[in-house]
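Working notes, structure below.
The values are calculated or read from the model by the stated rules, or taken from the named source; none is laboratory data. A quick note: this is a predicted structure, and the numbers were derived from the prediction, not measured. For neighbour counting, all protein chains shown are included, and Cβ atoms are generated from backbone atoms with ideal geometry for every residue, glycine included.
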Amino acid sequence: MPATHHPQLRVAAVQATPVFLDLDATIDKTIALMKEAAKQGAQLVTFPETWIPGYPWWIWLSAPALGMQYVQRYNDNSLVVGSAEFQRLAQAARDIGIWMSTGYSERAGGSLYIAQALFDDQGRVVKTRRKLKPTHVERTVFGEGDGSDLAVMDTAIGRVGMLACWEHLQPLSKYAMYAQNEQIHVGAWPSFSLYRGAAHALGAEVNNAASQIYAVEGGCYVVAPCATVSKEMVALLCTDDLQRQLLLEGGGFARIYGPDGASLGTPLGEKEEGLVLADIDLGTISLAKTAADPAGHYARPDVTRLLLNQTPGDRVVSQVPAGMAAPVAANEAVAAEPAAAMAE
């Protein structure tokens, strides 16, 4: 019998500040970081939650009415799947020859979604997904994903999955991913700059622990990119001393964890921009899974089981009477190509 192939590769977790509220400039910076990752030998580079065009921090700082000043700009600079800007990312992955996962604010129709995309080193879209449930006040900006967004993709570099931020605190969502034999998990975070000292659950200690526990529970590698907040962002978003206490500069705590929970690579200072890099060997996963496979030999399905509904959650279902041609919506031609690209 042929020997099982266990990919070995270098992975990179980005820790950087986006060009806040600027779609094109953030894509420029994304491509520059992709080139730097490839220069340092990475075959996979990962970017934070809503990296494009940045996380909407104002929702945590003031009343919704005061945040309305950012709404149009944020919508205009959010990324549309299949757009020219989206294709720039795909082309960069192909030109550089690197796998890339990025977080972005997705604009679809009149709504926004916290989304992630995985491109292969040929520029093909392997998967796009949306955060299943936006967290707390994020729900004033973003819509929800559906069960099709809890997916692990079988690729040339291993079985890859993605989640964003506090999806790593959702036990059933995590279990759904573990059950698909995930090997490389991209856990994207927006920065740990908020409510420092006042809300421990939002800080680096708890949330890096969530990434670390995910690695141990899932018996997989976790690549956890994390954005930073710049002085310029604080100056733009914080207009009084209270707000400047609520949102601090820095907050970058990008990490990579092995399937035994070991921290891999060299962390950066929280205000520092750059890459955390680690060499990984998927063959070592069997050592972790031998000890504990929570969706396999370590499970008790006779006691507890998970029902996973991966049906896409279409908002509108059109019914056409027999004998009549289906009407063509104005946006169907635009939507067709992205929908095909999102197919696994």
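Side notes on the structure shown:
- Selected residue [in contact with a Leu (Cβ under 9 Å, 6 or more places away or on another chain), among the aliphatic types (A, V, I, L, M) and closer than 30 Å to GLN245 by Cβ] from ILE52, ILE31: ILE52
- Residue list for the range 146-162, restricted to those being surrounded by fewer than 23 Cβ atoms within 10 Å (Cβ to Cβ) and within 24 Å of ARG107 (Cβ to Cβ): ASP146, GLY147, SER148, ALA151, MET153
- Residue within the range 226-237 that is under 23 Å from THR128 (Cα atoms) and of a type in the set (A, V, I, L, M, F, W, C) present: yes
- Hey, GLY41 closer than 23 Å to ASN207 by Cβ and in contact (Cβ under 8 Å) with a residue 24 or more places away in the chain or not: no
- The range 97-111 - residue that is buried (at least 24 other Cβ atoms within 10 Å of the Cβ) and over 10 Å from the mean Cα position of the chain (by Cα) and, of those, nearest to PRO56 (Cα to Cα): SER105
- Flag if LYS231 is more than 17 Å from GLN212 (Cα to Cα) and among the basic types (Lys, Arg): yes
- Flag if ALA201 is free of Cβ contacts under 8 Å to residues at least 60 places away in the same chain and under 24 Å from LYS289 (Cα atoms): no
- Among the residues here, GLY252 qualifies as touching a residue at least 60 places away in the same chain (Cβ under 8 Å) and either in contact with a Lys or Arg (Cβ under 6 Å, 6 or more places away or on another chain) or surrounded by 23 or more Cβ atoms within 10 Å (Cβ to Cβ) (or both).
Here's the yes/no breakdown for (1) at pLDDT 95 or above; (2) over 21 Å from ARG159 (Cα atoms):
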| position | (1), (2) |
| --- | --- |
| ALA254 | yes, yes |
| ALA262 | yes, no |
| THR284 | yes, no |
| GLU332 | no, yes |
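- Residues of the range 106-122 that turn out to be touching a residue at least 12 places away in the same chain (Cβ under 8 Å), small (Gly, Ala, Ser) and farther than 24 Å from GLY158 by Cβ, as a count: 3
- Qualifying residue in the range 300-316 (condition: surrounded by 16 or more Cβ atoms within 10 Å (Cβ to Cβ) and modelled with pLDDT of 95 or more): no
- Restricting GLU217, GLU182, GLU205 to those that are assigned to a loop (DSSP other than H, G, I, E, B), among the charged types (D, E, K, R) and at pLDDT 95 or above reduces the list to GLU182.
- Hits in the range 1-55 (condition: crowded, with 24+ Cβ neighbours inside 10 Å, assigned to a strand (DSSP E or B) and not hydroxyl-bearing (Ser, Thr, Tyr)): VAL11, ALA12, ALA13, VAL14, GLN15, LEU44, VAL45, ILE52
- If the condition is being over 19 Å from PRO190 (Cα atoms), assigned to a helix (DSSP H, G or I), out of contact with any His (no Cβ under 8 Å at 6 or more places or on another chain) and free of Cβ contacts under 8 Å to residues at least 60 places away in the same chain, then the range 150-177 contributes PRO171, SER173.
- Some residue of the range 228-241 being of a type in the set (Lys, Arg) and out of contact with any helix residue (DSSP H, G or I) (no Cβ under 9 Å at 6 or more places or on another chain): yes
- Residue within the range 65-87 that is surrounded by fewer than 22 Cβ atoms within 10 Å (Cβ to Cβ), in a strand (DSSP E or B) and not basic (Lys, Arg) present: no
- Any hit, the range 53-71, residues being closer than 28 Å to VAL222 by Cβ, polar (S, T, N, Q) and either modelled with pLDDT of 95 or more or touching a His at 6+ places or on another chain (Cβ under 8 Å) (or both): no
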